[in-house]
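Input: a single structure, listed below in structure tokens.
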Amino acid sequence: MANLLVTGGAGFIGANFVHYWAAHHPDDTVTVLDVLTYAGNPANLDGLNGVDLIKGDICDTSLVETLLKDRKIDTVVHFAAESHVDRSITGPDAFVTTNIIGTHSLLKAARKIWLDSGTGMPHRFHHVSTDEVYGSLSPTDPAFSETKQYEPNSPYSASKAASDHLVRAYHHTYGLDVTTSNCSNNYGPYQFPEKLIPLFLLNCLYGRDLPIYGDGMNVRDWLHVEDHCHGIEKVLQVGKTGETYNIGGGQELPNLRVIEEICATVDRAFAENPALAERFPDAPAANGKSSVSLKTFVTDRAGHDRRYAIDETKARGELGYAPRRTFAEGFAQTLAWYLANEGWWRPLLAKG
Ligand SMILES: NC(=O)c1ccc[n+]([C@@H]2O[C@H](COP(=O)([O-])OP(=O)(O)OC[C@H]3O[C@@H](n4cnc5c(N)ncnc54)[C@H](O)[C@@H]3O)[C@@H](O)[C@H]2O)c1
């Protein structure tokens, strides 16, 4: 039995991880530490018994020390972050504070309680990071492997890169038992509707423009959040201390292709279920048109990385990890979840 502290567990991936962990490891205890920014939502944890949500800041080192000690935490899974690249361009300070100083605060607390108190307690600090730390690829460059040099280009990716280095340093300098995973673009249930997939999905339902940056040919790898949670589980179970693992979805797609898949899946859902036209009368699909009519090209994001691609040979070989869905399957499941959970996302539309 393990006692987990999940930081950022009221956010998108963190909440999916808590649901996943509670379902697959019912004997473990889970404490969530989340300051509840605009992206954190206690409702993401509805329906879970025995999961404790503590509202607090990862920068509060003494709070983290108390939680680690009093709750006999042996595993930290660290998701808490400022995570939206566009917000990091307009307001980078919060990214430096949470992603760098916050991660350092957690590491300091973990070092104090797990190493300096002399308990010899087996422990693991798992840090969740992003493929964006590796920089941008040309169409012919090989995919990112774990040995690729870091070349972060946005304030977001630079802050995540700094946190990755701190985690590595606490292993090499102090002997903290750490692992890091760098994953690609996640999508799935509970994603705040500022990110591409839920934003475009809801815009299709409401007949709003689908704003496409630049020429729409920026390439990303797409990872269903449940496959990501499965990957983190594998790292926790068999990953080696001090190692980093790339976790991807094996679905490298240009944005235009992703948007076409979203539109086609929404159109199909309306064709199969006439009740949707009554719920969402402004949707093109409710009026005999295709959702692709909403596509609108807008000025590109500043410093927009052209291509990310994940080489996950190491995770597949060492951990036995493999994603279980194609993007088409994962998006169809995601659309079904959003259609069935309007009560979850409707209040968020005013919040963004
Ligand atoms: N979403 C993706 O596609 C993606 C891809 C690669 C890596 N990641 C990484 O995965 C992690 C989770 O991403 P997400 O998309 O779920 O993010 P999110 O923005 O949905 O959630 C972040 C959570 O962290 C909480 N938080 C923020 N600052 C905090 C603080 N100071 N103290 C405590 N809690 C705080 C927020 O309230 C929120 O609940 C992040 O570290 C992110 O960098 C995300």
Of all the residues that make up region 168-193, how many are farther than 22 Å from Val18 by Cα and either within 15 Å of the ligand (Cβ to nearest atom) or touching a residue at least 12 places away in the same chain (Cβ under 8 Å) (or both)? 7
Here the residues within region 10-39 that are within 13 Å of the ligand (Cβ to nearest atom), part of a loop (DSSP other than H, G, I, E, B) and surrounded by fewer than 23 Cβ atoms within 10 Å (Cβ to Cβ) are Val35, Leu36, Thr37, Tyr38
Failed criterion for Val128 (all others in (1) among the hydrophobic types (A, V, I, L, M, F, W, C); (2) farther than 24 Å from Asn246 by Cα; (3) within 15 Å of the ligand (Cβ to nearest atom) hold): (2)
Could you please find all residues in region 101-117 being within 11 Å of the ligand (Cβ to nearest atom) and farther than 14 Å from His171 by Cα? Ile101, Gly102, Ser105
Taking the stated definitions as given, is Thr31 within 12 Å of Val18 (Cβ to Cβ), at pLDDT 95 or above and not acidic (Asp, Glu)? yes
Quick one: which strands (runs of 3 or more DSSP E) lie wholly within region 41-132 and hold at least 1 residues that are within 17 Å of Ser163 (Cα to Cα)? 75-78, 124-130
Of the residues Leu205, Leu256, which single one is more than 17 Å from the chain's Cα centre (by Cα) and touching a residue at least 60 places away in the same chain (Cβ under 8 Å)? Leu205
Any chance region 72-88 includes a residue that's of a type in the set (Asp, Glu), more than 21 Å from Val18 (Cα to Cα) and within 9 Å of the ligand (Cβ to nearest atom)? no
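The values are calculated or read from the model by the stated rules, or taken from the named source; none is laboratory data. The shown structure was predicted, so the numbers you read here are calculated from the model rather than taken from an experiment. As a convention, Cβ positions derive from the backbone with ideal geometry for all residues, glycine included, and neighbour counts pool all protein chains shown.
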